[in-house]
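Every read-out reported here was derived from the displayed coordinates using simple, explicitly stated rules and does not represent laboratory data. What you see is a predicted model, and the numbers here were worked out from it, not measured in a lab. Here the Cβ is made from the backbone with ideal geometry for all residues, glycine too, and neighbour counts use every protein chain on show.
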Amino acid sequence: MKEELITKLNTFHQELQKPFIGRDEEVKVILLSLVTGEHTVLIGEPGTAKSALIRRAAQLLNAKIFIYLLTKFTEPSELFGPLDINALKQGKYIRITKHKLPEAEIVFLDEIFKANSAILNSILSILNERVLYDGYTEIKVPLWSLFGASNEVPDDPELEALYDRMLLRQHVKPISDELWKDLLNYTWKLEKEVEKIEPVMSMSDLMEINKEIFNVSLEPIKTKLIKIFAILESKGIHLSDRRKGKSLKVIAANALLNNRYKAVEEDLLVLKYIAPKDIEDFEKVNLILSEELKTPHKYLRELEEIKISVREIVSYISSFPRAPMSRFLEERLNEIYRDLEATRERVASMIIESGDKTVEKVGKDVLEQINAVMDLIRKRLE
Ligand SMILES: Nc1ncnc2c1ncn2[C@@H]1O[C@H](COP(=O)(O)OP(=O)(O)O)[C@@H](O)[C@H]1O
Ligand SMILES: [Mg+2]
């Protein structure tokens, strides 16, 4: 990918994130959605910055955006534009789509699952084919990504098809209590200074980046991906064939966003935005993925545990009396020594397996600590 595009994408990422507290995950989902040209639903209570995030993303892209709050009674003309009455008098069926959804590159539909049957089919074909079938005409639409927001996941079977087409899903939770203070300070500042948002990237840049995802090598993760599908299925989390197939795009996009042309196991974490259906699935999928995937995070957690047990061993050993040592204690020390040898091997292979710089650094620290304890034990045994 051209250096210039990488820079733009990074700037876009930072700028989108900038005014929000604790919305890193949401920003990531929006980025993945935009890079893949897929549709996303943000599920969460009001006031969690869902609208603000999408509006800002569109501004930073200088995209044509159409924003609408759906109700049960929303009429097609509210979204797609009114019929041209004069044309109709002459027997022609023309919609005036100016500034309406058919002209937008980014669409934000608030309360998306309020969509009624009068508009649902039109929305579905727009999502799928980028075409509005409108009575006697077909209108090709420039839609790139549609974002929906909702308080809850839909339970009406009529909405299944719509929900299925929202490839990315994120449960937007109110920020955790340790971030409340930041939120107060930040919103205060924002209320005071009105920020002028300048575009940092264009829709055509985005389309160029989009083409790059097909150059990402996905072979290395395919077997693991299929295994994860099976595990999810066995735990009652079913992905439609559409979602299974399309997951590759998101995995590739994630690799690109991390400056890689080769997908690695860590990229499969994006399944946490694709696999959940019911609200409790979000946590469930997260847990399953963190168990099943070898991610730097997972290795770092394991290293942390090893560090703690090494520290415990040190204090255990120092509680041993100085010479003379009993036969029993000598046995114990030998045992601990052998365990440490095994742990040392485990850490060494973690460093190689992960291929991650942070894991390598932390792993080497842990190796040093283990070596120091082993030295100590050898001295005690002399
Ligand atoms: N995590 C957050 N960080 C910064 N500002 C926030 C955050 N959550 C909410 N806000 C503020 O609250 C306002 C209302 O959010 P809004 O986008 O309308 O929420 P929603 O669409 O989820 O109902 C936003 O404009 C923003 O200023
Ligand atoms: Mg809103």
- Item | Beta bridges per DSSP with both ends in the chain, % antiparallel, nearest 5 | 20
- Message: Apply the Karplus curve 6.51 cos²θ - 1.76 cosθ + 1.60, θ = phi - 60°, to the phi angles in the range 228-235 and return the couplings in whole Hz, x for Gly and Pro.
- Response: 5, 3, 5, 5, 4, 4, 5, 9
- Message: I'd like the antiparallel share, as a percent to the nearest 5, of DSSP beta bridges with both residues in the range 3-192.
- Response: 20
- Item | Calculated [θ] (222 nm, deg cm²/dmol) that DSSP helices of n ≥ 4 give over the chain, each run adding -39,500 (n - 2.57) | -18000 deg cm²/dmol
- Relative packing of 346-356, 20-30, 212-222, 104-114, which averages over residues the other C-beta atoms within 10 Å, highest first: 104-114, 20-30, 346-356, 212-222
- Message: Please compute the length gained on full extension between Lys224 and Ser290, using 0.36 nm multiplied by the number of residues separating them and subtracting their Cα-Cα distance.
- Response: 22.4 nm
- Label-point separation, Lys196 to Gln14 (7 Å along Cα→Cβ), nm: 2.1
- Extension length gain for Glu360 and Asn86 (0.36 nm per residue less Cα distance), in nm, is 91.5 nm
- Classify the range 67-160: rounded, prolate or oblate, from the alpha-carbon gyration tensor (a ≥ b ≥ c, eigenvalue square roots; a/c under 1.5 rounded; otherwise prolate if a/b is larger than b/c)? prolate
- Between Met207 and Ala372, what is the FRET efficiency for a Förster distance of 41 Å, r being their Cβ-Cβ separation, to the nearest 0.05? 0.15
- Message: Can you give the Rg/Rh ratio of the chain, where Rg is from the C-alpha atoms and Rh is the Kirkwood radius?
- Response: 1.11
- Task: Compare Lys189, Lys89, Lys277 in a GNM of the chain, Cα atoms joined below 10 Å, and give the one with the largest fluctuation.
- Result: Lys89
- Which far-off residues, 5 or more places away or on another chain, put their amide H under 5 Å from the one on Gly148, with H placed in the peptide plane? Thr40, Val41, Leu42, Leu109
- Message: Can you classify the range 297-381 as rounded, prolate or oblate using the Cα gyration tensor, where a ≥ b ≥ c are the square roots of its eigenvalues, rounded means a/c under 1.5, and otherwise it's prolate if a/b beats b/c and oblate if not?
- Response: prolate
- Query: Relative to the longest principal Cα axis of the chain, at what angle does helix 50-61 sit, 0 to 90 degrees, rounded to 10?
  - Reply: 80
- Item | Lys140/Phe73 FRET efficiency (R0 25 Å; Cβ-Cβ; nearest 0.05) | 0.35
- Which of Ile226, Ile85, Ile65 moves the most in a Gaussian network model of the chain with Cα springs under 10 Å? Ile85
